[in-house]
Amino acid sequence: MEGSSAFRRAVHIVSPVFLVYYLIPETLPGGVSRTAVTLLFLGTAACIEIARMALGIPLLGLRPYEGQRVSAYAQGALGLAFGLFVIKDPNIVVPVFLGMAWIDPLAAFARKRKWPRGLVVAAYFGLFFAAESALGGIPSWSARFLFAALATGAATLMEGPKIPQVDDDLLMQVVPMAVLALASVVVPGAASP
């Protein structure tokens, strides 16, 4: 089982490679759009997930209870698809996805070691604020701080509870993204240029 945990953590840690989406030109050679390539990737992943569930094929890193439900891998991909196609704003999607990818495994590790929850909360806030600042799309420091606080609260609340059919890899993306999308409409200086 420890090998499965290590594999899941490794997938989390390397998953931000999918954020390369924002670096790909909108139109690729041959007139293929980046959206089409992304949908092809997501569709392939969905087909693999459906086949896995229908045929009972165990994938490396799946937890025992994921056998008859949509896997954390697929739910994480669904969360990213929500960000890319519904939220769209990289100033929201990138920091939230990084938080799910890197803080979720840290939270599991911290729980095992009985570290204080505040450490995980501070790590999420710091990572989110640093990513926001690096992107530079939110001009106001106070708005960045507010966004980091809102995302931290939403994501860390979603990380804890265990809901049988819904994985925190999905919830740690969708809930903070939705909260921040609403905040970007309501808070002056928070909207991306």
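In the range 102-144, what residues are modelled with pLDDT of 95 or more, surrounded by 13 or more Cβ atoms within 10 Å (Cβ to Cβ) and over 20 Å from the mean Cα position of the chain (by Cα)? Listed by number, the list holds a single entry, Trp115. Among the residues in the range 52-61, are any in a helix (DSSP H, G or I), in contact (Cβ under 8 Å) with a residue 24 or more places away in the chain and under 19 Å from the mean Cα position of the chain (by Cα)? No, that holds for no residue. For the structure I just gave you, tell me whether Leu98 is closer than 15 Å to Ile13 by Cβ and buried (at least 20 other Cβ atoms within 10 Å of the Cβ). When the stated conditions are applied, Leu98 does not pass them. The single condition from (1) surrounded by fewer than 14 Cβ atoms within 10 Å (Cβ to Cβ); (2) touching a Gly at 6+ places or on another chain (Cβ under 6 Å) that Thr44 fails is (2). In the range 49-70, is there at least one residue being aromatic (Phe, Trp, Tyr) and either modelled with pLDDT of 90 or more or surrounded by 11 or more Cβ atoms within 10 Å (Cβ to Cβ) (or both)? The answer is no; no qualifying residue exists.
The values are calculated or read from the model by the stated rules, or taken from the named source; none is laboratory data. The model shown is predicted, which means the values in this text are computed figures rather than measured ones. Note that we place each Cβ from the backbone using ideal geometry, even for glycine, and neighbour counts take in every protein chain shown.
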